[in-house]
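*Asks:* So that we are looking at the same thing, I have put the structure below in structure tokens.
Taken together, the values in this text are just the output of simple stated rules run on the coordinates, not laboratory data. Because the structure is predicted, anything quoted here is derived from the model rather than measured. Note that each Cβ is placed from the backbone with ideal geometry, even for glycine, and that neighbours are counted across all protein chains shown.
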Amino acid sequence: MRRLLFTLLLLPLASVAAAEPMHGIAMHGEPALSADYTHFPYVNTEIKKGGKVNYGVVGTYDALNPFVLKGMRTTARGVWDPEFGNLLYEPLMTRSADEPFTLYGLLAETVEWDADRTYVQFNLNPKARWHDGKPVTPEDVIFTFELLRDKGRPPFNGRLNAVASMEKVGEHGIKFTFNEKANRETPLIFANSTPILPKHAIDPETFDQGGLNIPIGSGPYRIKELKPGEKVTWALDPDYWGKDIPSKVGVDNYDEISVTYFLQEATLFEAFKKGEIDIYPDGDSNHWQRAYNFPAAQNGDVVKEAFKPGLPSGMLGFVFNTRRPIFADVKVREAISTAFDFEAMNKTLFGNAFTRTQSYWQNSALGAYGNAADERELALLGPAREKLSPEILAGTYSQSATDGSGGDRKALGTAVRLFQEAGYKIQGGKMIDAAGKPLAFEVMTQNEGQEKMAIAFQRTLKMIGIDMAIRTVDDAQYQARSNSFDYDMIIKAYTSSLSPGAEQVNRWASEAKDAQGSFNYAGVADPDIDRMIEALLQARDPADFQAAVRAYDRLLVAGHYLVPLYHIGEQWVARWKHIGRPDAAPLYGYQRSTWFDARVQ
């Protein structure tokens, strides 16, 4: 009996010890690429590195640390940047843009975990080096997580909440053993969403004080020149340690990358037309259709391309700050949403180019729209299903449509009835509550495009006695007020992936409601939404994951936390023809880090 007991006690240890170091880790299933892969399938391995690219952005910068509140939205682009590339700092593993959520080796050459993901061990690549030539060590990893816990902003400062122990293993290993707060995505968040920082080059005492002192990183580029608020120039590090590892083949192709800052989008586009900026992503349908009549576009020197990623729609909309008493009642939010005349705005401003968005994961199997709730999903929702209308449960619910006149009496009548259910009435031409207080609020906008949409909304609301003011502010003020939730309503975009996970906590979970710098712009605190986030994070089976995301989608739609706008379904990009790109575009759409200067080929 004692021998049997001894054997049983050894079984879990044997299971843990049997974990094999792997080249990649997927959120669900297995990595698509084998251990002997040589590069990602969407890169061009034949091109020569060299030349340069000039990017342009609207805004300014005054920091080089995006991991603290002070530099959250004012850090120079490229430091930690999924769009332009993580030029300075790197994560332990990097994401394939051709799979829903799979990571491959970068600073960590291999990774180990058990079936329940109660721990993860990253084994650093012995070749990994900082820009000053010193090796990247397990001590750097431990230092990073502790520093971000003590000095970082959300969500970086909460990562160790899920960790029971953190320890160095051998010469190159770092092992995280998780506690009950972790979920199945936690190892991937640690691997890809946390930068690794150099212990020997950072003073913890001054880490959160901002400034423009050039930091030491491990990434492919170094800062060549800073013009505070105006421009940052990056130079390819000829000694970059990772240039030949499989996940880095075919990327980081320019010798020099510059990012120029502009105060207005119109000025940025004029610089693009002159050839001062090389690539211009365009999200305005009218602009995309009508603005490219300048000579370079007509003679082929500027190329327009539309990419169709295999991604869900995401959600763009006017976001209610439910921390404000006027928006605390879901019926009021639904009434305001019902009054919005999307059809008139789409016709007047966008030439009917856009499709109204009906849910956060529209155009995918994860979305509630077009998909009825099955038994698995209903069981997961439990009593929360009572919050949902039959139409939302059936997947047939859609935003109110109008005749496009800008004053559809039927739609406005429906909105007024909803307001009456919420205790409002129209008196003396004003929408007032039971105490006689008029319903009035302000929408904060950050550019001309947002302002135009707000004006269209303002006109409609005025017809039923609602006073919506519009305040357009500069970038610095917009970011500061967004961080502190100092607004009634703002316009925000929520991207959606095929692998929603821990980022949803920062957007919609109760714990993020009052955390300054979080993305919970709507101020949501709903236990049922928290349950659905936890369910999608813990799901192992793809069917359970799909059910959790659909249920979550239904609750967000039913909460009327924003007034949905539109989605494009394509990525529109114009580029000067000397900027080349690989023939293939991956699941997530075009990847700037794989493009190159065709003049050096």
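*Asks:* Using +1 at the C-beta of Lys and Arg and -1 at the C-beta of Asp and Glu, which of 182, 523, 497 has the Cα lying farthest in the positive direction of the dipole of the chain?
*Replies:* Working it through, the farthest residue towards the positive pole turns out to be 523.
*Asks:* Return the subset of 274/492; 224/513; 224/274; 175/387; 168/308; 70/199 for which the Cα-Cα distance in this structure is over 32 Å, preserving the input order.
*Replies:* 224/513; 175/387; 168/308
*Asks:* Would you work out which of 124, 299, 407 lies farthest towards the positive end of the dipole of the chain, given +1 charges on the beta-carbon of Lys and Arg and -1 on that of Asp and Glu, about the Cα centre?
*Replies:* Towards the positive end, the residue furthest out is 407.
*Asks:* Once amide H atoms are built 1.01 Å from N in the peptide plane, which residues 5 or more positions from residue 562, or in another chain, come under 5 Å H to H?
*Replies:* Those lying under 5 Å, H to H, from residue 562 are 320.
*Asks:* Given only helices, namely DSSP H runs of n ≥ 4 each adding -39500 (n - 2.57), what is the per-residue ellipticity at 222 nm of the chain, to the nearest 500 deg cm²/dmol?
*Replies:* -7500 deg cm²/dmol, from helical runs alone.
*Asks:* By counting other Cβ atoms within 10 Å of each Cβ, how are 581, 290 ranked from fewest to most?
*Replies:* If I rank by nearby Cβ atoms, fewest first, I get 290, 581.
*Asks:* For the range 265-322, report the translational diffusion coefficient in µm²/s to the nearest whole number, using Stokes-Einstein at 4 °C, 1.567 mPa s, and a Kirkwood Rh over Cα pairs.
*Replies:* Value of D from the Cα-based Kirkwood radius: 94 µm²/s.
*Asks:* Can you tell me the relative contact order of the chain? Whole percent, Cα pairs under 8 Å, sequence separation 6 or more.
*Replies:* Contact order relative to length: 20 percent.
*Asks:* Which residue, chosen from 551, 506, 576, occupies the Cα position most advanced towards the positive end of the dipole of the range 494-601, where the dipole is computed from +1 (Lys, Arg) and -1 (Asp, Glu) charges on Cβ about the Cα centre?
*Replies:* Farthest towards the positive pole: 576.
*Asks:* Next up: Going from the alpha-carbon gyration tensor of the chain, what semi-axes, largest first and in whole Å, does one get by taking the root of 5 times each eigenvalue?
*Replies:* 41, 32, 23
*Asks:* State the Cα centre-to-centre distance between the range 149-176 and the range 244-303 in whole Å.
*Replies:* Centre-to-centre (Cα) distance: 39 Å.
*Asks:* Within 10 Å, Cβ to Cβ, of residue 465, how many net charges do the neighbouring residues add up to if Lys/Arg are +1 and Asp/Glu are -1?
*Replies:* +2
*Asks:* Output the relative contact order of the range 535-601, whole-number percent, from Cα pairs under 8 angstrom with separation of 6+ residues.
*Replies:* 21
*Asks:* Mind listing the long-range amide H neighbours of residue 355? Cut-off is under 5 Å, sequence gap 5 or more, other chains count too, H placed in the peptide plane at 1.01 Å from N.
*Replies:* Amide H neighbours of residue 355, under 5 Å, 5+ apart: 567.
*Asks:* What whole-number value in cubic angstrom gives the convex hull volume per residue for the C-alpha atoms of the range 384-516?
*Replies:* 185
*Asks:* Between the range 415-476 and the range 340-403, how far is it from one alpha carbon centroid to the other, in angstrom?
*Replies:* 23
*Asks:* How large is the dipole of the range 315-567 about the Cα centre if only Lys and Arg carry +1 and Asp and Glu carry -1, each at its Cβ, rounded to the nearest 20 debye?
*Replies:* It works out to roughly 660 debye.
*Asks:* Starting at the first residue of the range 357-370, write each ³J(HN,Hα) from the Karplus equation 6.51 cos²θ - 1.76 cosθ + 1.60 with θ = phi - 60°, in whole Hz, x for Gly and Pro.
*Replies:* Once rounded to whole Hz, the list reads 8, 10, 7, 6, 10, 4, 6, 8, 5, 7, x, 6, 5, x.
*Asks:* Loop sites only, by DSSP: take the GluC sites (Glu not before Pro) in the chain that have at most 15 other C-beta atoms within 10 Å and name the longest stretch containing none of them.
*Replies:* With a cap of 15 other Cβ atoms within 10 Å, the longest stretch comes to 277-569.
*Asks:* What is the percent of Cα-Cα separations in the range 24-155 that go past 19 Å?
*Replies:* 64
*Asks:* Can you tell me the alpha carbon radius of gyration of the range 315-567 divided by the globular rule-of-thumb value 2.2 N^0.38 Å?
*Replies:* That ratio works out to 1.00.
*Asks:* Further, regarding this structure: What are the residues whose amide H is under 5 Å from the amide H of residue 395, where those residues sit 5 or more places off or on another chain and H is modelled from the backbone?
*Replies:* Amide H to amide H, under 5 Å and 5 or more residues apart or across chains, residue 395 pairs with 373.
*Asks:* Short version: ³J(HN,Hα) in whole Hz for each residue of the range 470-481, in order, from phi by Karplus 6.51 cos²θ - 1.76 cosθ + 1.60 (θ = phi - 60°), x for Gly and Pro, what are they?
*Replies:* 10, 10, 9, 10, 6, 4, 4, 5, 4, 5, 4, 6
*Asks:* Nearest 20 debye, what's the magnitude of the dipole of the chain about its Cα centre given +1 on Lys and Arg Cβ and -1 on Asp and Glu Cβ?
*Replies:* 900
*Asks:* Could you tally the net charge around residue 350, taking each other residue with its Cβ under 12 Å from the Cβ of residue 350, Lys/Arg +1 and Asp/Glu -1?
*Replies:* Its environment carries a net charge of +2.
*Asks:* Looking at the range 323-395, I'd like the Rg to Rh ratio, where Rg is from alpha-carbon atoms and Rh is Kirkwood's inverse mean 1/r.
*Replies:* 1.06
*Asks:* Would you mind calculating the relative contact order of the range 315-567 from Cα pairs under 8 angstrom and at least 6 residues apart, reporting the percent as a whole number?
*Replies:* Relative contact order of the range 315-567: 34 percent.
*Asks:* Distance between the C-alpha centers of the range 504-562 and the range 132-147? Whole Å please.
*Replies:* Computed from Cα coordinates, the inter-centre distance equals 33 Å.
*Asks:* Whole-Hz ³J(HN,Hα) for each residue in the range 24-38, computed from phi via Karplus 6.51 cos²θ - 1.76 cosθ + 1.60 with θ = phi - 60°, x for glycine and proline: what do you get?
*Replies:* Residue by residue, the range 24-38 yields x, 9, 10, 4, 10, x, 10, x, 6, 9, 6, 5, 9, 4, 10 Hz.
*Asks:* Continuing with this model, one more query. Below 16 Å, Cα to Cα, which aspartates and glutamates can residue 437 reach? Residues fewer than 8 away in the same chain don't count.
*Replies:* In chain and number order, the partners are 329, 467.
*Asks:* What does the charge add up to near residue 262, with Lys and Arg as +1, Asp and Glu as -1, over the other residues with Cβ less than 12 Å from its Cβ?
*Replies:* Overall, the nearby charge balance is -4.
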